[in-house]
Amino acid sequence: MRVGILTGGGDCPGLNAVIRAVVTKGERQYGDEVVGFRNGWAGVMEGDVMPLSAERCRDILPLGGTILGTSRANPYATEGGPEAVRATLEREAIDGLVAVGGDDTLGVAGKLAAEGASVIGVPKTIDNDLGVTEVTFGFHTAVQTATEAIDRLRTTAESHHRVMVVEVMGRHAGWIATYAGIAGGATEILIPEEPFSMSDLCERLLAHHNRDVSASIVVVAEGARPQGGEVITQTDQRDAFGHVRLGGISRVVADEIEARTGFETRLTVLGHVQRGGTPTAFDRVLATRFGIAAIDAIHDGRWGQATVLQSNEINLAPLTDLTGTAKLVDRDLFETVAGALVSLPG
Ligand code: F6P
């Protein structure tokens with residue numbers, strides 16, 4: 001078969017591991033010819049093709065980012081986009097396409113599949129907010145990076161007896177904030193799912209942050225907002241999928257904490273540091289398993305399906321079940337585990 005693969009949306013550690021698995025198993029076990037489309041759906045619309053081979057993919061397993069490049073291009077927001085996609089797939093004689101992406105990229109894949117295209121999806125996002133799959137690759141690496149940052153911030157916070165506000169990614173769901181917050185022993189975790197009360201937050205910090213406890217760490221997801229408030233955006237501009245660029249809630253939170261408590265407060269926005277760098281072993285394994293399952297699904301003609309992790313098994317689920325609604329943070333995890341430990345000295 002002639003197989004195409006693309007990576008779309010925000011990049012994340014593990015994308016190259018998926019590409020390597022698809023290409024290597026496709027070539028060696030199925031005798032496939034695999035080509036990559038550059039820069040997500042943009043490359044498919046433009047017919048921007050890159051030949052791939054097991055040899056080309058030999059060293060890419062530990063590499064962050066994606067050798068194919070990515071973009072937030074949306075064929076359904078582009079004049080003649082879906083037609084251009086179909087024309088390229090026909091011209092390139094693609095028998096099956098693997099689309100690796102998050103909600104937006106897989107949303108496009110689902111629509112194309114519903115219109116008859118031979119597409120299989122592989123879910124990715126550091127935000128871990130896709131439905132059906134228990135976890136997406138990239139998330140584990142992002143949490144590890146954020147946790148290491150919190151550990152570092154804690155030592156300097158302790159030296160100066162400061163409150164440290166750490167802003168992490170997570171526009172609709174606070175998975176990174178929750179996991180990194182628990183792993184890093186945060187004092188407070190603020191997530192999009194739970195609009196917070198600034199006065200309650202400051203009261204808890206006043207009770208927590210004293211001479212015995214010399215530092216407080218507040219982890220805040222970029223999509224978190226105070227009760228009755230709005231999310232903080234960097235710009236009003238929207239991307240091709242209608243998303244605004246979030247960022248800046250840590251400044252609001254840090255300023256309020258300092259003003260209301262008198263504690264010296266600093267902030268750190270982790271930003272794209274969380275998305276860069278080499279994937280953890282967990283993400284390499286999950287991404288590889290997804291890639292293997294995707295090329296198998298191509299050969300089984302399971303169009304319109306996506307690879308998912310369920311009870312540590314790789315299964316297939318309809319693309320449309322993964323997209324559209326963000327998978328929110330598990331309430332039990334947030335309330336029982338994080339809730340039992342935040343704002344307690346220790
Ligand atoms: O990949 C998802 C995500 O990490 C969001 O958490 C974040 O809001 C967004 O990407 C940032 O994207 P960009 O790279 O376009 O700034």
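Where a number appears in this text, it was derived from the coordinates with a stated rule and is not lab data. Treat the numbers as computed from the prediction; the structure is a model and nothing was measured. Here Cβ is always computed from backbone atoms with ideal geometry, including for glycine, and neighbour counts include all displayed protein chains.
A few comments on the model shown:
- Of the peptides 188-195, 59-66, the ranking by mean beta-carbon count within 10 Å, highest at the top, reads 188-195, 59-66.
- A cut-off of 5 Å between modelled amide H atoms, ignoring neighbours fewer than 5 places along the same chain, links ASP32 with GLU27.
- Rounded to the nearest whole Hz, the Karplus-based 3J(HN,Hα) values (6.51 cos²θ - 1.76 cosθ + 1.60, θ = phi - 60°) of region 48-57 follow the sequence 8, 10, 10, x, 10, 8, 4, 4, 4, 8, with x at glycine and proline.
- For region 269-281, Karplus couplings with θ = phi - 60° (6.51, -1.76, 1.60), whole Hz, Gly/Pro x: 9, 6, x, 6, 3, 5, 9, x, x, 6, x, 5, 4
- Per-residue ellipticity at 222 nm from helix content only, as computed over the chain with -39500 (n - 2.57) for each DSSP H run of at least four residues, stands at -11000 deg cm²/dmol.
- Extension gain from VAL337 to THR233, taking 0.36 nm per residue of separation minus the Cα-Cα distance: 34.5 nm
- Close amide H partners of LYS124, meaning residues 5 or more places away or on another chain with modelled amide H under 5 Å apart, are GLY101, GLY102.
- The chain: angle of helix 198-208 to the longest principal axis, Cα-based, in degrees nearest 10: 60 degrees
- Helix 103-114 axis, angle to the chain major axis (alpha carbon atoms, nearest 10°): 30 degrees
- In this structure the amide hydrogen of LEU267, modeled in the peptide plane, comes within under 5 Å of the amide hydrogens of VAL165, none closer than 5 places in sequence on its chain.
- Taking the three principal axes of the alpha carbon atoms in region 1-93, the coordinate ranges are 38, 28, 14 Å, sorted in descending order.
- Projected-area mean, region 118-225, by convex hull of Cα positions, square nanometres: 7.4 nm²
- Globularity index of region 10-163, i.e. its alpha-carbon radius of gyration over 2.2 N^0.38 Å: 1.24
- Taking Cβ atoms as reference points and 12 Å as the exclusive limit, the residues near LEU61 contribute a net charge of +1, counting Lys and Arg as +1 and Asp and Glu as -1.
- Restriction of the trypsin sites (Lys or Arg not before Pro) in region 170-230 to DSSP coil positions whose beta-carbon has at most 10 other beta-carbons within 10 angstrom yields ARG211.
- In sequence order, calculated HN-Hα J values of region 164-172 (Karplus, 6.51, -1.76, 1.60; Hz; x Gly/Pro): 10, 9, 10, 9, 10, 6, x, 7, 10
- Once the gyration tensor of the Cα atoms in the chain is diagonalised, the equivalent ellipsoid follows with semi-axes of 41, 20, 16 Å, ordered largest first.
- Taken as Cα centroids, region 313-341 and region 107-153 sit 12 Å apart, rounded to the nearest whole angstrom.
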